[in-house]
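Data first, discussion second: the structure below is written as structure tokens.
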Amino acid sequence: MIVTFTGASGSGKTTIANAILERVPSAQLLTSNTTRNPRPTALPRVDSYLDRERFEQMEADGHFLWTAGLAETRSGRAETCWITPCASTRSGL
């Protein structure tokens with residue numbers, strides 16, 4: 001299962017994600033790819049910052065499971081971010 005938290009900055013997405021990570025041993029945090037600049041409060045391993053050209057090339061190459069845009073910013077989840085965790089979880093069954 002993949003769960004995505006979407007909301008404004010400061011709305012509690014990271015707090016909720018951290019609570020789930022503490023309570024569900026098999027849960028994993030996946031990195032997002034974004035064209036926005038890092039915020040001063042950015043947490044390590046939460047976002048991967050790409051320039052617009054690199055993002056668009058990765059998108060054209062089919063690297064992302066999904067992408068979204070808001071204003072000038074693009075975001076996406078790389079396909080490889082979830083295949084490995086899913087495969088390792090299934091192999092343990």
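The values are calculated or read from the model by the stated rules, or taken from the named source; none is laboratory data. Just so it is clear, the model here is predicted, and its values are computed rather than measured. Every residue, glycine among them, receives a Cβ derived from its backbone with ideal geometry; neighbour counts consider all protein chains shown.
Among the residues of the stretch 8-23, what is the count of those that are of a type in the set (Gly, Ala, Ser), without any contact (Cβ under 8 Å) to a residue 12 or more places away in the chain and surrounded by 10 or more Cβ atoms within 10 Å (Cβ to Cβ)?
Result for the stretch 8-23: 3.
Across the stretch 11-59, which residue is farthest from Arg77 (Cα to Cα) among those that are hydrophobic (A, V, I, L, M, F, W, C) and part of a loop (DSSP other than H, G, I, E, B)?
This residue is Val24.
If we keep just the residues of the stretch 24-47 that are small (Gly, Ala, Ser) and free of Cβ contacts under 8 Å to residues at least 24 places away in the same chain, which is nearest to Lys13 (Cα to Cα)?
Applying the first criterion (small (Gly, Ala, Ser)) to the stretch 24-47 yields 26-27, 32, 42.
From the residues that got through so far, the ones that are free of Cβ contacts under 8 Å to residues at least 24 places away in the same chain too are 27, 42.
Numbers: Ala27: 15, Ala42: 13 Å.
It comes out as Ala42.
Return the residues of the stretch 61-79 that are over 11 Å from the mean Cα position of the chain (by Cα) and not in a loop (DSSP other than H, G, I, E, B); say none if nothing qualifies.
Matches in the stretch 61-79: Ala68, Gly69, Leu70, Thr73, Arg74.
Of the conditions (1) surrounded by 11 or more Cβ atoms within 10 Å (Cβ to Cβ); (2) touching a strand residue (DSSP E or B) at 6+ places or on another chain (Cβ under 9 Å); (3) modelled with pLDDT of 80 or more, Asn37 clears all except one; give me its number.
Going through (1) surrounded by 11 or more Cβ atoms within 10 Å (Cβ to Cβ); (2) touching a strand residue (DSSP E or B) at 6+ places or on another chain (Cβ under 9 Å); (3) modelled with pLDDT of 80 or more one by one, Asn37 breaks only (1).
Restricting to the stretch 1-10, give me the number of residues that are more than 19 Å from Ala78 (Cβ to Cβ) and not hydrophobic (A, V, I, L, M, F, W, C).
Residues in the stretch 1-10 being more than 19 Å from Ala78 (Cβ to Cβ) and not hydrophobic (A, V, I, L, M, F, W, C): 3 in total.
Being within 20 Å of Ala68 (Cβ to Cβ), out of contact with any His (no Cβ under 6 Å at 6 or more places or on another chain) and surrounded by 10 or more Cβ atoms within 10 Å (Cβ to Cβ) is the requirement here; does Leu30 meet it?
yes
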